[in-house]
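The values are calculated or read from the model by the stated rules, or taken from the named source; none is laboratory data. Bear in mind the structure is a predicted one, so any value in this text is a computation, not a measurement. All Cβ positions, glycine included, derive from the backbone under ideal geometry; neighbour counts span all protein chains shown. All accessible areas refer to the heavy atoms of the entire protein, side chains included, with ligands and DNA or RNA removed. Shrake-Rupley method; radii C 1.70, N 1.55, O 1.52, S 1.80 Å.
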Amino acid sequence: MSATLAAAPLCFDGQVVLVTGAGGGLGRAYALLFAEQGASVIVNDLGGDLKGEGKSSSTADKVVEEIRAKGGKAVPNYDSVEEGEKIIQTALDAYGRIDVVVNNAGILRDCSFARTSDWDWDLIHRVHLRGSFKVTRAAWNHMRNQKYGRIIMTASSSGLYGNFGQANYSAAKLGLLGLSNTLAIEGQKYNIHCNTIAPTADSRMTQTVLPQEFLDALKPEFVAPLVVWLCHESCQENGSLFEVGAGWIGKLRWERTLGAIVRQKNQQMTPETVRDNWERICDFDNATKPKSNREMISTLQEVLNNLNERGVSTNPTSGTIQTNTSGINPAEAVGQKMPRTEYTYTNLQPILYALGVGMTTRDPDHLKFIFERNEEFFCVPTFGVIPAQASMNGALASVPGLNIDFTKVLHGEQYLEVYKPLPTSGTLKSEGTIADVLDKGSGAVILIDVHTYNERDLVCYNQFSIFVVGAGGFGGKRTSDKVKATMNPPNRPPDAMISDVTSVDQAALYRLNGDWNPLHIDPNFAAFGGFKKPILHGLCSMGFAARHVLKQYANNDVTKFKAIKVRFAKPVIPGQTLETEMWKDGNLIHLKTKVKETNEVVLAGAYVVLEETVYKPKTNDTGMRGELQSDLVFPEIGRRIRDVGKEMVRKVNAVFQWDITKDGKTAAQWTIDLKNGSGELYKGTARHQADTTFTLSDEDFIQVVSGKLNPQKAFFAGKLKIMGNIMLSQKLEIILKDYAKL
Ligand code: NAI
């Protein structure tokens, strides 16, 4: 079987091949061989002289005649490669498709660099580089549509190694390699392969350069088979470079020394350190063979990790470790004030912010945040981070005692306290102070307090907690009384949960609020930071969480919002679903925001403080109906279960599910599990099989728990439906009896 395959000719039947500059030399040999292998060939040649002057149709015609004389299929084309569209049109007119493009046409205008005129430079580039671009681009979409294509670029050893008198030519030839490398990447998914050859052969080009005896052994026929193989559909080679001549073929690749890191953490890089490391920079021992840009990025990441972990001056994989020096001096930095800044805005910015944190016209209640003519038009309270953040842009770099590497800065935590609803337009003044600097060993934490004023009124206060990876170890304190601390949620199931799908463009939208870090939009930059995709701004997730709380517990009334604190635990990719779990503890709402798809916590230790009033919970995200009185009662029952749950589990040993209706439709579901563990109450259907399910209206539920309606009577009156083990309902008394007073 394999013997048969090996012997099988590389057939090009039904395929259409364009060879540019096919009137002589190498191109002619390619055209003849392709035709012999069954291809229909477009023989392109302008027919000018070696320097690119003049034109003639006979050059292409002769080769077409040769092919036809042998029984092959060919048509001529006399356009310059600069007219790529016309050449491809010839292929489409004659044969209806284009499968292979061999960019071969070329000229020479040799002269020493000093004598190279603009014309010498431009013409060479126009024929070689621009010509290959024009022809290939004209064929590209046809290849993409048919999901097949093979392309050859013709470079030259003069480009790879340089050659006296060929500055123009070498530059264009190596340009073709760059073009080919990128086309190989862009074409891969369409089965379009692009390879480059650097041939050596006897032709009018080489006749003045190489001795005739040598040239006699360098027939173009000794190059053509490589080109034909690379262009066959069974050849999977892509993005490669070959030197070829005299029947020999070799493949080339890049080689890179291990190199050396020549800077120290938090210090300037100097020419002297480059000089001192020169030998190691240039030492090819244990050299690597990088194949892609990505490898370059991972090398740089390795370098940065290495610098941070060890604070060293070394190469990425081995070398001498030097002492870690931090550029942080707390005594100098703490108390430093940053320049006072002004943030002037119109209605536009609060609306942009509201849209950025997911407010939508789908929710009529959101109109007051996104429609400036709404009679209750307000800023989302967390808009308060925007003027404060604007005040920090670039300012940190000028703070004495904070000589830090800004590529290693992470936004760790955020606290925002709002004293008055923020104006929907105007000018706010912000003033930042370095509140404290902490030494966490693996890094430094910089606490920045920013106070924001409207005229003389303090409207909000932010505390930014910035973590600088690898900048610890300066002998500073680990904690500070200035820290606005995080708080863990209670150890019980959440009282409520709201989820929201972020848009794939959420970060693209949020950044328009003034956070221009490319990490949030540029895939290459994100990859450089070690992320698979651009990530959402932590402050955007915070905005989502804040409005979840505002909706659940404050009826979207911004005057009830006092403060929020979050720790950014994990990144979010735009498009993921944010789930905010909430625990109400008086006016303190603990919250935890997770990415639903991964179950990873992204906002941890977080909470919102509301004004002291008790608010009726609003609609939850399950699409069920809000404003339920039972929503206030169940958490109370849950509290009791926490206190005496174990004892109840022993006495009751059952799982009860409650389906609470409003206007005849299920409005909420709750489960009281007094069978598993030490008992629990949670919102939603039973996670373990329910023994008994009760269905009753919100109003009747309140009547029952307040002792005004006897459950048996409710049952017989059809107000209470019971499914499952009806006998167990007698045990309900144990749970509900304390609520008669409610
Ligand atoms: P050649 O001069 O025999 O063939 C080049 C052909 O291209 C000519 O027939 C010419 O009329 C045609 N041509 C020139 N400008 C054109 C344009 N604007 N539009 C259409 N056709 C045009 O030279 P050779 O040696 O066959 O070269 C083929 C390719 O191989 C060239 O790109 C050359 O730079 C490259 N090359 C050749 C080497 C060799 O040892 N022969 C060494 C390295 C590279």
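Of all residues in region 361-384, those being under 23 Å from SER499 (Cβ atoms) and either buried (at least 24 other Cβ atoms within 10 Å of the Cβ) or modelled with pLDDT under 95 (or both) number 13.
Residue-by-condition table, conditions (1) in contact with a strand residue (DSSP E or B) (Cβ under 8 Å, 6 or more places away or on another chain); (2) not β-branched (Val, Ile, Thr):
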site	(1), (2)
LEU218	yes, yes
VAL223	yes, no
CYS235	yes, yes
GLY247	no, yes
THR270	no, no
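One line per residue, one yes/no per condition, for (1) open to solvent by less than 20 Å² (accessible area, probe 1.4 Å); (2) among the basic types (Lys, Arg):
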| residue | (1), (2) |
| --- | --- |
| ALA39 | yes, no |
| VAL43 | yes, no |
| SER56 | no, no |
| ALA60 | yes, no |
| GLU65 | no, no |
| LYS73 | no, yes |
| TYR78 | no, no |
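The residue of region 159-201 that is nearest to LEU108 (Cα to Cα), among those that are touching a Lys or Arg at 6+ places or on another chain (Cβ under 6 Å) and in contact (Cβ under 8 Å) with a residue 40 or more places away in the chain, is HIS193. Taking the criterion of being at pLDDT 75 or above, assigned to a loop (DSSP other than H, G, I, E, B) and open to solvent by less than 50 Å² (accessible area, probe 1.4 Å), would at least one residue in region 722-742 satisfy it? No, region 722-742 contains no residue that is at pLDDT 75 or above, assigned to a loop (DSSP other than H, G, I, E, B) and open to solvent by less than 50 Å² (accessible area, probe 1.4 Å). The strands (runs of 3 or more DSSP E) found entirely in region 11-114 that carry 1 or more residues being within 16 Å of the ligand (Cβ to nearest atom), aliphatic (A, V, I, L, M) and under 20 Å from MET153 (Cα atoms) are 16-19, 40-44, 100-102. Return yes or no: is ARG150 assigned to a loop (DSSP other than H, G, I, E, B) and touching a residue at least 12 places away in the same chain (Cβ under 8 Å)? So ARG150 does not fit the description; no. Each residue in region 578-604 was checked for being more than 26 Å from the chain's Cα centre (by Cα) and small (Gly, Ala, Ser), and 1 pass. On the stretch given as region 212-246, residues that are more than 13 Å from the ligand (Cβ to nearest atom), assigned to a loop (DSSP other than H, G, I, E, B) and open to solvent by 70 Å² or more (accessible area, probe 1.4 Å) total 2. In the set LYS189, LYS173, only one residue is of a type in the set (Lys, Arg), within 10 Å of the ligand (Cβ to nearest atom) and under 36 Å from the mean Cα position of the chain (by Cα); that residue is LYS173.
Screening region 115-166 for residues that are surrounded by fewer than 17 Cβ atoms within 10 Å (Cβ to Cβ) and closer than 17 Å to LYS189 by Cα and picking the one that is nearest to the ligand (Cβ to nearest atom) gives ARG137. When VAL100 is tested against (1) surrounded by fewer than 17 Cβ atoms within 10 Å (Cβ to Cβ); (2) in contact with a Cys (Cβ under 7 Å, 6 or more places away or on another chain), only condition (1) is not met. When the residues of region 247-294 are filtered to those that are closer than 30 Å to MET153 by Cα and among the aliphatic types (A, V, I, L, M), which remaining residue is farthest from the ligand (Cβ to nearest atom)? Of everything passing the filter in region 247-294, ALA287 is farthest from the ligand (Cβ to nearest atom). Does region 92-104 contain any residue that is within 21 Å of GLY47 (Cβ to Cβ) and out of contact with any helix residue (DSSP H, G or I) (no Cβ under 8 Å at 6 or more places or on another chain)? Scanning region 92-104 turns up at least one residue that is within 21 Å of GLY47 (Cβ to Cβ) and out of contact with any helix residue (DSSP H, G or I) (no Cβ under 8 Å at 6 or more places or on another chain). Considering region 447-556, the qualifying helices (runs of 4 or more DSSP H), each wholly inside and each with 2 or more residues that are farther than 29 Å from GLY426 by Cβ and touching a residue at least 60 places away in the same chain (Cβ under 8 Å), run over 523-528.
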